[in-house]
Amino acid sequence: MTNQLLATTENTNNQNSQYTSLNDHEIASVVAHINEEHLDELLGFLSVFTSLSTAELDLVDAQITDIYAEGITIQTRQKNSKYQPTNAKDNLLHDQIFFINFATPISQLDDLQAQYILLKQRADKKLGKKTIKLTKQVFDVQNSYNVSKNMLRLELSMPSLSDSKGEKNSTSVPINEAGYAYLFDLEHNVTTNALMTDSIDGNEADDNAVNDSEKNNVCPTRPHCYYTLRKAWQADDEIRVWVDVFLHGDTPGGNWAAALKTGETVVTKREFPEKVEHLRDGQAVLIVDETSMPTAARLLELWSNPKPPLIICVTQDAGDQSYFDTVKMRSSLDSTGNDNSSISIDNKIDCDTETHGNDHFTVLPIVTNQPNSGSDLATLIDSTLGDYLTDNPLQIDKVWGALEANTTKALRPLLRERLELSRTDVVVKVYWRHD
């Protein structure tokens, strides 16, 4: 399989005429999402599928300009205002447009995800990076219990695999990674339970069995949901896993997790590694809410950076600030959390943040008393960080965070401006969307 790649500085309209438009009104929003959330992937595509050198890629950012049936167009652009091209060759670099073919042309936008994942898998393999896995995993439910007021911990297990020598290995589940995400198949449990109920009730398989329309009525509004692997470890002949699920209102994922019983199975359909490599050195700040606290907790347990991180922890309920109380850094010394902070968001945001910490990591708690989303929250996070840095001068070098989509979009530019960091050093991900 080969990719035909085209790099050109010709008129874009002339280039576009070679490819088949999809004519889908959602393309613009998909392009905007990829450009905002997946810059590192686009740069990876350029690195692997074009002749651009590493030195050239260091000078530019990238953005998708359009999506066609045959592939995508990626344009290089000036990295930031501080860089000014010094000659005609540099100017030319910023105007290049590259066309990257899909392995198989798509006929509709719904087919894009599969082809984009194939491109990412090929690029990551060439670059020696971890990538998305389209792998089915089956876990057994061992237990579930709350680890903070609204955080439910699922204890799962699966048999250890044996290598060619008969020795146990746990490579099927990443033990030493933070933020590794599984796409859980919510429909698996609903359908299984419906069929089991049908069997227990002694219904006949023809007229009285659970039919397709009845199954559709009990299926969750979302057929699948991503959850982070909080922790995994080898135990005798099995792999044990924690998955922490934030329970907040009537949501498909929360309802699914709360209804799971010991002895049931859960199924995952896809795996996705988190981007945290930039945190290996420099002073870092982690910005999390209930959906990303499991990632931060595992980061702390695996922390190898000599400088402990600053953590901004945003929760809707003060009772969830205790989540970090029992988390220990690699040094095995306890962390300290806090649940006495008082923060409210009404028409005007009033912030009274109390800081607690020790020599290992510091947690700045923010309690909102409402769903954690929107530009007001981004402003609150930025001002909380600013107030802390005024009283505790630190040179922040790296940022990792994961929040709601609108909060993330508003927060990124605030952090880049305040901290004077590049996009690659400020990694704030979208973990959920407020509908």
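Every number in this text was worked out from the coordinates using simple rules, so none of it is lab data. Keep in mind it's a predicted model, so treat the numbers as computed, not measured. Here the Cβ is made from the backbone with ideal geometry for all residues, glycine too, and neighbour counts use every protein chain on show.
Assuming R0 = 22 Å, can you tell me the calculated FRET efficiency for the pair Asp111 and Tyr226, based on Cβ-Cβ distance, to the nearest 0.05? Rounded to the nearest 0.05, the efficiency is 0.55. Each of Arg433, Arg418 was scored by other Cβ atoms within 10 Å of its Cβ. Listed from fewest to most, they are Arg433, Arg418. Cβ crowding within 10 Å, taken as a proxy for footprinting-reagent exposure, orders Arg330, Arg122 from fewest neighbours to most as Arg330, Arg122.
Taking label points 7 Å from Cα along the Cα-to-Cβ direction, Lys133 and Thr20 give a separation of 3.5 nm. Counting 0.36 nm for each residue step from His33 to Glu277 and taking away their Cα separation leaves a gain of 85.6 nm.
At full extension, Lys261 and Thr390 could sit 41.5 nm farther apart than now, given 0.36 nm per residue minus the alpha carbon distance. Residue exposure proxy: Glu37, Glu404, ordered by other Cβ atoms within 10 angstrom of their Cβ from fewest to most, comes out as Glu37, Glu404.
Remark: spin-label model distance Asp325-Leu118 equals 5.2 nm, labels positioned 7 Å along the Cα→Cβ axis.
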